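Step one of this worksheet: look at the structure below.
All of the numbers you see were taken from the coordinates with simple rules; none came from a lab. Please read these numbers as outputs of a predicted model, since none were measured by experiment. We place every Cβ from the backbone using ideal geometry, glycine too, and count neighbours over all the protein chains shown.
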Amino acid sequence: DQQVKQNSPSLSVQEGRISILNCDYTNSMFDYFLWYKKYPAEGPTFLISISSIKDKNEDGRFTVFLNKSAKHLSLHIVPSQPGDSAVYFCAASGRAGGTSYGKLTFGQGTILTVHP
Amino acid sequence: EAGVAQSPRYKIIEKRQSVAFWCNPISGHATLYWYQQILGQGPKLLIQFQNNGVVDDSQLPKDRFSAERLKGVDSTLKIQPAKLEDSAVYLCASSLVSWAEAFFGQGTRLTVV
């Protein structure tokens, strides 16, 4: 039962353009969402998060959008840089008191390649 | 601030052998996680500790996997006996509180042959 899905295994964009990574979830108890970036031979690194009370959170070049009705979130990177090339994981956690509280459920990841 | 430390970085063992991984979380982080990441998949939670108590081990194959967190700091994850399907990267992570962003170590890549 894949509760968090990233349906695009890979994405290739040109330097300077926008990268849009998508994530869908099925568990309506999820209320906190995160994006992690992972370089080869390293552990995932936290990038940005959003609570279900918001629909947008911005941090520099990175913006996460949340559409609760569609159970969909996306990560926008503008402008994309070659150093952004990595695997991006979306993750979700549940409400306090629920079985998924404080635990991260990850998607399968999307490999982003930014070409110079 | 020192990050999450894991050792070893790589391990190759034969099936039916045993193996242990070690993790030292960020100082002061009460919550510690062990994740298993199989190639091409996202990390899957194996066990979560709050201080030295187990919060969730529902996805830990308890017939062969065990984990402990002594004194609420370092943790070890053991596999005995290993199977071919245990080949994966084992990631340790810690967070200040259970709902906060987790910080990951570099992981241990296990190959079972």
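Rank B:Ala88, B:Ile12, B:Leu70 by how far each Cα sits towards the positive end of the charge dipole of chain B (+1 on Lys, Arg Cβ; -1 on Asp, Glu Cβ) and give me just the farthest. So the residue furthest toward the plus end is B:Ile12. Within the shell of other residues whose beta carbon sits under 15 angstrom from the beta carbon of A:Arg61, the net charge comes to -1, with Lys and Arg scored +1 and Asp and Glu -1. Over all Cα atoms in region A:16-116, the spread is summed up by Rg and Dmax: 13.5, 47 Å. Given a cut-off of 30 Å, name the pairs among A:Lys71/B:Lys15; A:Lys37/B:Lys11; A:Lys38/A:Lys103; A:Lys56/B:Lys44; A:Lys38/B:Lys78 whose C-alpha atoms lie farther apart than that in the structure shown. Where the Cα-Cα span goes over 30 Å, the pairs concerned are A:Lys71/B:Lys15. As a size descriptor, the averaged projected area of the C-alpha convex hull of the protein assembly as shown was calculated at 12.6 nm².
Summing +1 for each Lys or Arg and -1 for each Asp or Glu among the other residues whose beta-carbon sits under 13 angstrom from that of A:Gln108 gives +2.
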